[in-house]
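Step one of this worksheet: look at the structure below.
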Amino acid sequence: MNAWIPLYVVIPLASAFIMAILGRLVKNMGKVILLIELLFLTCLTLVFILNSKGTLSYNVGGFPDVGDIPIAIYMVMDGLTKLLLLIISAVGFITALFSISYTREYTAERKFYILFSLMIAGMNGMVISGDIFNIYVFLEIAAISSYILVAFGVEKHQLEASFKYQVLGCLASLLILLAIGFIYWGTGTLNIADISRQLPYSANFIKFVSLLFLVGFGLKAAIFPFHSWLPDAHSSAPSPISAMLSGVLIKAIGLYVIFRLFFNMFALNADIAMTILVLGTLSMIIGGLMAIGQWDMKRLLAYSSISQMGYVVMAVGIGMTIMVKDGSKTIAAFAFLGALLHLLNHSVFKSLLFLNAGAVEYSTGIRDMRKLGGLAEKMPITSKTSLIASLSISGIPPFNGFFSKLIIILAAVRAHYYWLAFLAVAVSVVTISYFMKFQKYIFYNKPGEYDNQIKEVPAPMSIAMVILALLCLMLSLMVIPSIRDQFIFPAVNVLIKNLQYSTAVLG
Amino acid sequence: MIPFILCLILFLIGLYGIITQKNLIKIIIGLAIMEYSVNLFLIMIGYIEGGTAPIFAEKFHLNNYVDPLPQAMILTAIVIGLATTALLLAMAIRLYRKYGTFDIRKINSLKG
Amino acid sequence: MKKITLFIILFLIWMAFSFNLETANILSGVFAALLTTLIFSSRFLTSWKKFYNPVRYFWLIIYIIIFVWECIKANFDVAYRVLSPRMPIKPGIVKVHSSLKTEIAKVILANSITMTPGTITVDIIDSDLYVHWIYVKSDDPAYYTKKIIGRFETLLKRIFE
Amino acid sequence: MKGMTIIVRKVTQFIAPIIFLFGLYIVFYGHLTPGGGFAGGVIMASAFILQILANGEILDKLRQEESGLEFLESGAILGFLIIAGLGLIISSSFVFFSNFINKGIVGKLLSAGMIPLENIIVGTEVCAAITTIFIALVVFKDEVAL
């Protein structure tokens, strides 16, 4: 199986440049190649999840270790990686399906698919790479293509949002690079597994570097004090890209790396754990409260992303604090289960909501909720799928959002963080309220003033939305123990058995 | 020690530029300055007093050459920095076409 | 023919860069020179025939000697003006009429003037050179034309025309 | 865009091919001397940039050149991936980026296995990319406001 690992980077990169060459000769080549590529990657990931246990590692270039110092670039595939790869390729596939009709309005349609594929390559490479410098390189590939995709329509607000996103993104990348420099200075290696073996180095050094990493990747993940770019960038982008950014990108290039670095690279640290817990809680509350006041539907969804990511970060923070205090591993595992399940679920329902918003915008050309209304009869598929997504994100049974939120709240209670459990419930109520607003003003209020005849969106868009809505229901099955053990538990194990990473990778 | 302090000062100059300047181009220049300071920091990590270049030649000593890995990292970082700077400049030109100004206070169609 | 000229020049430059006579090096030199020739030949100098005239090279050597001599003289002149406490400068831009016909000769003349300390060519418009001079000795056009470009011009005519 | 004065134009005519040749030299000797694909590619691109700046170009022609360069760029990256992927297929243990060509004697031009090939591809790519960036910025600046 090991030889298949580099394909996660090779295939998206190669197909991007094949599109660039063949795309100008054959029309619609890009769409076909992108869909095939993402379908293949999804199947490959499923095969990996179902067939292989434990950690796989692969060294690029085939240089053998000298003594016990790893020289080659490592690619590592463990439970957490597989989960993220599944999210990236599956949501990517559905979003690409949606884009087929959505992108017709663009003049440089071909380039959209090239950049999409490059973004996939960057995220895959980032998730799969085993050393921090390659994480930085792939981070930049993903980030640069996302900067361009945000501004793809070259309208006023898109350019402005993209510029803001770029300045903060560059700042984050520089801080990350600086932190990587410090790590190399302190340890003389870049391989994550090898760095974690070089422990212990001085506590102040670790705190300083962790702070740099936390700010850098916090900016990429839009955790609370660093979130200011997200509402602009995610709401201005073309809708499939908003779905990719909110559903996948902030997880793959932000949260994933935070988990990987703070669990597997650094030893767990009480201060960092507390910081993560507090930041997660704050972004959960503030994102939720900011979302209520929004009238632009995509902006509302963007703020809701901050809030939902806050849930994930908070749950991970709960688990971290328990593990730092040497508390019960079962409760910590429970918290991580909730976090990762919510990560998976959020990628499904948030991309679905952004696709719904995109469908509404595609048909009516309006994004302001006050001018919309009464679309439930005219756009039945969009309306029903968005209802499912809204119920799911608000945590109504039997949809997937309910289970993950329930697990997070239960974990908070079992860890004796009663006030966090209370806040999580309260924010859940806030979530319900702003999604009721979303539903009411777009689909059920009195009809707005539309110039043209409103029709349901074309077939590929509807199919994409229906698949995601079905996934919203099906992911509830993740709580069944046998499925959970197959999909989520390997990922939870990576976080729980945080010190076994280096032995698993380097042997 | 002094080179590291100078490097930090360069970093702070760039940060100051990003935070205080109102002109898009000046913000980009601030970012570029920060990037150079980080690159400079990386190259100083690998430096050895009196070390030779890490090239296999007659004068090569196995125990006295500067670390080539930070240099490879910097080359990569420079390429990435080139891409980001070029993209930022392209965006700035497009923004100038739309708004007719580089002043960030007048570019504010996004609110909330 | 223009392409062959460019090719030969480039190949010689390649050999000067690499300075070894391995087969692989010569072959790569041929390849590199060929590629460069194909890309740049359309924009290369039009008067390539002059490269094959040995008399011109002779005059070129003489020109270089004279140019270096003029440079040394001008260096002392400028050094005197810089070091002298009274600062005897009187800067100004003068328009110098050149009787050179070809563009390349005019450009070489302008560059020579610029490289000589104390004078800088600002622009060439048709056959007039605008020269910034550190000490404008006289207002008489005949005088300063002779002073600035007199010795260069005759030689350049022999080299390039 | 407009060109520059006759001095710059005439000097460029003579100097641009030499700059380009020097870039090629840096690329070809990348595995023996300091430099390599990236540095050589930048030098090569500077020859083109110098020419465009000195002589000036018509916007339509620049657009045409840009699309041609895009083709070259994508092809170069694809070539790099193919070379890297050949290692995956040819070498016995499925090693991505494996250096399977004979490595030769240190110090000779034909040595170091695939590294010279990779240098040449990187040089092409960087040259095309930097020229594209320059042309794109010129086009953005000169085109009529939308």
Name the residues in the range A:3-60 that are of a type in the set (S, T, N, Q), closer than 27 Å to D:L72 by Cα and not in a helix (DSSP H, G or I), would you? A:N28
Check D:K2 against each of (1) crowded, with 21+ Cβ neighbours inside 10 Å; (2) at pLDDT below 85; (3) closer than 28 Å to D:E143 by Cα and name the one condition it does not meet. (1)
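With free of Cβ contacts under 8 Å to residues at least 40 places away in the same chain, loosely packed, with under 13 Cβ neighbours inside 10 Å and outside the structural domain of C:I120 (by TED's automatic domain parsing) as the only criterion, which of C:S28, C:S42, C:S84, C:S18 stands out?
Exactly one of C:S28, C:S42, C:S84, C:S18 is free of Cβ contacts under 8 Å to residues at least 40 places away in the same chain, loosely packed, with under 13 Cβ neighbours inside 10 Å and outside the structural domain of C:I120 (by TED's automatic domain parsing), namely C:S42.
What do you reckon, is B:A53 closer than 19 Å to D:I130 by Cα and within 10 Å of another protein chain (Cβ to nearest Cβ)? Before the answer, list the steps.
On the way: closer than 19 Å to D:I130 by Cα: no; within 10 Å of another protein chain (Cβ to nearest Cβ): yes.
It is false that B:A53 is closer than 19 Å to D:I130 by Cα and within 10 Å of another protein chain (Cβ to nearest Cβ).
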If you take the residues in the range C:1-15 that are touching a residue at least 40 places away in the same chain (Cβ under 8 Å) and surrounded by 18 or more Cβ atoms within 10 Å (Cβ to Cβ), which one is nearest to the other protein chains (Cβ to nearest Cβ)? C:L6
Does the range D:97-146 hold any residues that are part of a loop (DSSP other than H, G, I, E, B), buried (at least 19 other Cβ atoms within 10 Å of the Cβ) and either within 14 Å of chain C (Cβ to nearest Cβ) or modelled with pLDDT of 85 or more (or both), and which are they? D:L109, D:A112
Picking from D:L53, D:L59, D:L72, which residue would you name as being more than 7 Å from every other protein chain (Cβ to nearest Cβ), modelled with pLDDT under 85 and surrounded by fewer than 21 Cβ atoms within 10 Å (Cβ to Cβ)? D:L59
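Is it the case that A:L277 is under 21 Å from A:A172 (Cβ atoms) and either surrounded by fewer than 21 Cβ atoms within 10 Å (Cβ to Cβ) or of a type in the set (A, V, I, L, M, F, W, C) (or both)?
no
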Within the range C:16-27, is there a residue that is more than 7 Å from every other protein chain (Cβ to nearest Cβ), over 26 Å from the mean Cα position of the chain (by Cα), farther than 19 Å from D:M44 by Cα and of a type in the set (V, I, T)? yes
Are any of the residues in the range A:170-187 at positive phi and either at the interface with chain B (Cβ under 8 Å from one of its Cβ atoms) or not in a helix (DSSP H, G or I) (or both)? no
Limited to the range C:124-141, what total is found for residues that are within 11 Å of chain D (Cβ to nearest Cβ) and either surrounded by 14 or more Cβ atoms within 10 Å (Cβ to Cβ) or within 20 Å of C:I66 (Cα to Cα) (or both)? 3
Could you grab me the full set of residues in the range A:126-167 that are surrounded by fewer than 23 Cβ atoms within 10 Å (Cβ to Cβ), in a helix (DSSP H, G or I), at the interface with chain B (Cβ under 7 Å from one of its Cβ atoms) and out of contact with any Ser or Thr (no Cβ under 8 Å at 6 or more places or on another chain)? A:V167
Out of everything in the range C:59-81 that is without any contact (Cβ under 8 Å) to a residue 24 or more places away in the chain and either within 14 Å of chain D (Cβ to nearest Cβ) or closer than 21 Å to C:G150 by Cβ (or both), what residue ends up being farthest from the chain's Cα centre (by Cα)? C:F76
Among (1) free of Cβ contacts under 8 Å to residues at least 40 places away in the same chain; (2) crowded, with 20+ Cβ neighbours inside 10 Å; (3) not aromatic (F, W, Y), A:I33 falls short only on (1)
Yes or no: A:G395 modelled with pLDDT under 90 and over 17 Å from A:C472 (Cβ atoms)? no
Give just the number: which of (1) within 14 Å of chain D (Cβ to nearest Cβ); (2) within 20 Å of D:F140 (Cβ to Cβ) does B:A32 not satisfy? (1)
Considering only the range A:15-24, I want to know if a residue exists there that is over 30 Å from D:S93 (Cβ atoms), at pLDDT 85 or above and away from chain D (no Cβ under 11 Å). no
Report those helices (runs of 4 or more DSSP H) wholly inside the range A:234-325 carrying at least 1 residues which are touching a His at 6+ places or on another chain (Cβ under 9 Å), among the aliphatic types (A, V, I, L, M) and under 30 Å from A:L34 (Cβ atoms). A:239-244, A:297-324
Single residue of B:I28, B:I104, B:I43, B:I48 found to be closer than 19 Å to B:P3 by Cβ and buried (at least 16 other Cβ atoms within 10 Å of the Cβ): B:I43
Quick one: D:I82 ticks every box in (1) within 13 Å of chain A (Cβ to nearest Cβ); (2) in a helix (DSSP H, G or I); (3) at pLDDT below 85 except a single one, so which number is it? (3)
Filter the range C:28-45 down to residues that are within 9 Å of chain D (Cβ to nearest Cβ) and either under 24 Å from D:E57 (Cα atoms) or at pLDDT below 80 (or both), then give me how many there are. 9
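Residue by residue, here is whether (1) in contact with a Phe, Trp or Tyr (Cβ under 9 Å, 6 or more places away or on another chain); (2) at pLDDT below 85 holds:
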residue: C:W69; (1), (2): no, no
residue: C:N75; (1), (2): no, no
residue: C:G92; (1), (2): yes, yes
residue: C:V107; (1), (2): no, yes
residue: C:G118; (1), (2): yes, yes
residue: C:K137; (1), (2): yes, yes
residue: C:A142; (1), (2): no, yes
residue: C:T154; (1), (2): no, yes
Looking at (1) without any contact (Cβ under 8 Å) to a residue 24 or more places away in the chain; (2) more than 9 Å from every other protein chain (Cβ to nearest Cβ); (3) farther than 28 Å from A:I132 by Cα; (4) in a helix (DSSP H, G or I), which one does B:L12 not meet, given that it meets all the others? (3)
Among (1) buried (at least 16 other Cβ atoms within 10 Å of the Cβ); (2) more than 14 Å from chain D (Cβ to nearest Cβ), B:L88 falls short only on (2)
Can you pull out the helices (runs of 4 or more DSSP H) entirely within the range A:434-507 that have at least 2 residues that are at pLDDT below 85 and among the hydrophobic types (A, V, I, L, M, F, W, C)? A:481-487, A:489-496, A:501-506
Where A:H416 falls short, out of the listed (1) part of a loop (DSSP other than H, G, I, E, B); (2) at pLDDT 90 or above: (2)
Only one of (1) within 11 Å of chain D (Cβ to nearest Cβ); (2) over 24 Å from the mean Cα position of the chain (by Cα); (3) within 27 Å of A:A243 (Cα to Cα) fails for A:K27. Which number is that? (1)
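The values are calculated or read from the model by the stated rules, or taken from the named source; none is laboratory data. Everything quoted here is computed from the prediction, not taken from an experiment. For neighbour counting, all protein chains shown are included, and Cβ atoms are generated from backbone atoms with ideal geometry for every residue, glycine included.
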